[in-house]
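Single-structure report; data block below.
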Amino acid sequence: MAKSDYGKQGSVFLITSNGETICLPIPSRSPNDPLRWGRLKTFLSLFAMGLFTTIGLIQVQGTSLLLHPLEIEYSQEKAPLRIDLLSSVPSLFWGIGALIWVPLSMAIGRRPVFIFCSILLTLSTAMAGFSRNFRTHLAARCFQGFAGSISPSTMILMILDVTFIHQRPRTIALFWCLCDGMSNICLAFTSYILTAGGSWRAFYWVWLGPCFLTILLALVWSPETYFQRPPMAFDGHIIAQSEIGKITVYNSWEEVPGGKPMPDEPKVRTTSEFLKNILFWNRTTIGGWPVIKAFPRQIMICALNPLILWVLVLNSFVFGGMVVTCATYVSVLMAPPYNFTDNEIGLVKLSPFIGSLLAFPASGILTTWFAKILATRNRGVHEPEHYLPSFILPVVTSSISLSLFGIAVEREWDWGWIIFFVGLDYFSAISMFTSNTLWVTEAFPRWAGAALTVVGGGAYALSFVLGSTIVPWINSQGIGNTYVELGILTWLVGLFGFPVNFWGKRFRGYIYSKWE
C-alpha cells in the first residue's frame, strides 16, 4: 500500500527546517532526464528557444511599423478590411495555435513541434516578403502567428521540463523579458532597414536569415525535454513521480504499479535509428493518441474553472491593452502636434525594451523571494497561492498606464509621457505573463498544458477581439474615455485576486474532488 502522496494538488514541501531549498522534481538516474543535463546543454536548449521566440515576436510586432507604406500599396485591395488587421491578426492565431501545439507536443514530443514551427515561421516570412496582394500578405501573417504561438504555450512547458520548481519564476521571467526586450531593440532599426531596402519587403528579407537559423538550432541544440521519470529507490522507500507533479511514496517494489523498471537496452546504431533521432532526439516516452483524446475534456475543466477563468479575463485586458496601445501610439506620434519621422518612431521601441528588462526583477527575483518567505512561514510547504501577490504590481501599473496613456493622447501631453506609458504597459504585460504562468501550472499541475492553453491562447484570441473593436470604441467614447474605461476594467478584474488568495486552496481541493 502506498505510504503517501505529495504534489497532487500543487502543494509541495519545498523548504527544510534549516532553510534549505529542496530540488523538486527529484531527477532520475537516466541521462535523458533534462534535470540531469549539464549547464551548457540546458543553456543551449534555452538559447535555441529564446532565439525563435525573439524572431517570432519581431515578426508579430514589426508589421505595426510598416502600416504606412502598406496602406499606400494596398489602398485599393483591402476593402472591406482595415490595413491594421495585418498587425493584429497574429494575436488571434497565437490563441488558435496553442490549441494545436500543446496537445501535439504532449502526444509526439516537444522537439518535433519546435522543428515544424521553426520551418513554418521561415516559410511564412518568405511568403510575406513575396506577397503581391493584401490577402496573400494576410495569409502569411496568419501563418506567422500560428508558428509563433508555440512560444507562450509549448515552450513554457519545455522550460518547466528543464527546471526545478524553485527555479521557475526566475527562469520564465528572464526568458520572456530578454526575448521581448531584444525584439524591441531589433525593431528600433526597422525604419533604417526600410530605407536601405527601399521597400517594406526588406523587413521580411532581413529576418528571413535568422528564421533559417532557428531551424538549425532547433535541430542541433534542442533535444526532447518531455521525460516521464521511472520509480526510484530513495531513503529506504520507493518514489514514483508523475509528469503532473504528483509524488507517491511506496514501501517496496511489489507495491509499485508495473513493478521495478528494467534497465535500458543498449541502442543499435542503424540508419533508421539515425534518421529517427533527427526528429525525436532524446525522446524516451510519449503520451500518444490518449493524450490528444483527453485534451478537450481538460480544456473544458480549465475553461469552466473560476480560478483559471479569472486569470484568462485579467490576462486578456493586460495583454490586450498592450496590443491596442502598440497599434495606437505609432499613428498618434506621427500625427500633429508630434510629427515623428519613421526613424524617430523606431527609436520609441527603446521604451518597451527598458520596460521589458525592468520586468525581470519585479516578476522574477521579487516573486522568488516572496514565495520562499511564504513557504518558510508555512512550515516549508509551498502553495500555488504564494504566487498571487505577484499579480498586484502588474495590475496596478497596467491600470495606471492605460488610463494615463489615453488622457495624455487626448490632451496632447509631451511625447515623453506617451513613450513612458508605452514602456510601462510592456512592463505590466510581461510581469503578468510570468505571474499567470506560475499560478495556473502550479495550482493545477495535472492540467498544466490545458491551463496554459486556456489562459494564454484564450487571452491572445480575446486581445484580437479587443484590437478589432478599439477603433469603434474610440470613435464612440473618445480616446481618453476609452483607455480610462479599459484601465478601470483591468483594475476591477484584478480585485478578484483577493478572494482567490483567501479561498483558492479550498476551492482547488473541491475541483480535484469533483473532476478526478
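The values are calculated or read from the model by the stated rules, or taken from the named source; none is laboratory data. What you are looking at is a predicted structure, and each value in this text was computed from that prediction instead of being measured. Here the Cβ positions follow ideal geometry from the backbone for every residue, glycine too, while neighbour counts run over all protein chains shown. The protein model used for the area step is the full one, side chains on, heavy atoms only, and it has no ligands, DNA or RNA in it. Shrake-Rupley method; radii C 1.70, N 1.55, O 1.52, S 1.80 Å.
Would you check which residues across segment 35-52 are among the basic types (K, R) and either free of Cβ contacts under 8 Å to residues at least 24 places away in the same chain or open to solvent by less than 30 Å² (accessible area, probe 1.4 Å) (or both) and list them?
Scanning segment 35-52 gives R36, R39.
Quick test of your reading of the structure: V395 fulfils all but one of (1) modelled with pLDDT of 95 or more; (2) in contact with an Asp or Glu (Cβ under 8 Å, 6 or more places away or on another chain); (3) of a type in the set (A, V, I, L, M, F, W, C). Name the failing condition by number.
With respect to (1) modelled with pLDDT of 95 or more; (2) in contact with an Asp or Glu (Cβ under 8 Å, 6 or more places away or on another chain); (3) of a type in the set (A, V, I, L, M, F, W, C), V395 is out only on (2).
Which condition from (1) modelled with pLDDT under 85; (2) of a type outside the set (V, I, T); (3) surrounded by fewer than 20 Cβ atoms within 10 Å (Cβ to Cβ) is the one that C326 breaks?
(3)
Taking the conditions exactly as written (modelled with pLDDT of 85 or more, surrounded by fewer than 18 Cβ atoms within 10 Å (Cβ to Cβ) and either farther than 30 Å from S105 by Cβ or among the acidic types (D, E) (or both)), does W503 satisfy them or not?
Considered against the rule, which asks whether it is modelled with pLDDT of 85 or more, surrounded by fewer than 18 Cβ atoms within 10 Å (Cβ to Cβ) and either farther than 30 Å from S105 by Cβ or among the acidic types (D, E) (or both), W503 comes out as no.
Residue-wise test of (1) among the small types (G, A, S); (2) touching a residue at least 12 places away in the same chain (Cβ under 8 Å); (3) in contact with a Phe, Trp or Tyr (Cβ under 8 Å, 6 or more places away or on another chain).
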site: I301; (1), (2), (3): no, yes, yes
site: N305; (1), (2), (3): no, yes, yes
site: F317; (1), (2), (3): no, yes, no
site: M322; (1), (2), (3): no, yes, yes
site: V330; (1), (2), (3): no, yes, no
site: P336; (1), (2), (3): no, no, no
site: E344; (1), (2), (3): no, no, no
site: L350; (1), (2), (3): no, yes, no
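Return yes or no: is L208 within 30 Å of F164 (Cβ to Cβ), surrounded by fewer than 23 Cβ atoms within 10 Å (Cβ to Cβ), in contact with a Ser or Thr (Cβ under 9 Å, 6 or more places away or on another chain) and in contact (Cβ under 8 Å) with a residue 24 or more places away in the chain? It would help to see each step written out before you state the result.
Details: within 30 Å of F164 (Cβ to Cβ): no; surrounded by fewer than 23 Cβ atoms within 10 Å (Cβ to Cβ): yes; in contact with a Ser or Thr (Cβ under 9 Å, 6 or more places away or on another chain): yes; in contact (Cβ under 8 Å) with a residue 24 or more places away in the chain: yes.
So L208 does not fit the description; no.
Of all residues in segment 334-349, how many are acidic (D, E) and at pLDDT 85 or above?
1
Taking the criterion of being of a type in the set (S, T, N, Q) and over 28 Å from P34 (Cα atoms), would at least one residue in segment 88-110 satisfy it?
yes
Return the pairs, sorted by first residue and then second, in which the second residue is at pLDDT 95 or above and crowded, with 24+ Cβ neighbours inside 10 Å, the first residue lies in segment 116-128 and is among the β-branched types (V, I, T) and in a helix (DSSP H, G or I), the beta carbons are less than 6 Å apart, and the residues are 6+ apart or on different chains.
From residues that are among the β-branched types (V, I, T) and in a helix (DSSP H, G or I), the pairs are T122/C211; T125/Y204; T125/C211.
Just one of I193, I185, I159 is open to solvent by less than 10 Å² (accessible area, probe 1.4 Å) and either hydrophobic (A, V, I, L, M, F, W, C) or part of a helix (DSSP H, G or I) (or both); which is it?
Answer to the selection: I159.
Only one of F370, F420 is under 21 Å from L24 (Cα atoms), open to solvent by 30 Å² or more (accessible area, probe 1.4 Å) and out of contact with any Gly (no Cβ under 8 Å at 6 or more places or on another chain). Can you tell me which?
Working: F420 fails: under 21 Å from L24 (Cα atoms).
Unique residue meeting the criteria: F370.
If you go through segment 196-203 one residue at a time, do you hit one that is of a type outside the set (A, V, I, L, M, F, W, C) and open to solvent by less than 10 Å² (accessible area, probe 1.4 Å)?
No - not one qualifying residue is present in segment 196-203.
Pick from segment 409-426 the residues that are in contact with a helix residue (DSSP H, G or I) (Cβ under 8 Å, 6 or more places away or on another chain) and outside any helix (DSSP H, G or I): which of them is farthest from Y338 (Cα to Cα)? Explain how you work it out, then say what you get.
As a first pass, look at segment 409-426 and keep what is in contact with a helix residue (DSSP H, G or I) (Cβ under 8 Å, 6 or more places away or on another chain): 409-411, 413, 415, 417-426.
Subset that is outside any helix (DSSP H, G or I): 411, 413.
Details: R411: 13, W413: 10 Å.
Selected residue: R411.
Modelled with pLDDT of 90 or more and in a loop (DSSP other than H, G, I, E, B): which single residue out of P230, P223 fits that description?
Values: P230 fails: modelled with pLDDT of 90 or more.
On inspection, the qualifying residue turns out to be P223.
Scan segment 129-140 residue by residue and report those that are touching a residue at least 40 places away in the same chain (Cβ under 8 Å) and open to solvent by less than 10 Å² (accessible area, probe 1.4 Å).
Selection gives G129, F134, H137.
Check whether at least one residue in segment 409-416 is within 20 Å of the chain's Cα centre (by Cα), on the phi < 0 side of the Ramachandran plot and of a type in the set (D, E), and report yes or no.
No, that holds for no residue.
Would you please name the residue that is surrounded by the fewest Cβ atoms within 10 Å (Cβ to Cβ), looking only at residues in segment 74-89 that are out of contact with any His (no Cβ under 9 Å at 6 or more places or on another chain) and assigned to a helix (DSSP H, G or I)?
Selected residue: L85.
Checking the conditions here, which among S363, S331, S356, S351 is under 29 Å from the mean Cα position of the chain (by Cα) and surrounded by fewer than 17 Cβ atoms within 10 Å (Cβ to Cβ)?
That would be S331, the only listed residue that is under 29 Å from the mean Cα position of the chain (by Cα) and surrounded by fewer than 17 Cβ atoms within 10 Å (Cβ to Cβ).
Within segment 425-475, restricting attention to residues that are over 22 Å from L92 (Cα atoms) and surrounded by fewer than 23 Cβ atoms within 10 Å (Cβ to Cβ), which residue is farthest from the chain's Cα centre (by Cα)?
Selected residue: N475.
Of the residues P103, P152, P112, P169, only one is touching a residue at least 60 places away in the same chain (Cβ under 8 Å), open to solvent by less than 20 Å² (accessible area, probe 1.4 Å) and assigned to a loop (DSSP other than H, G, I, E, B); which?
P152
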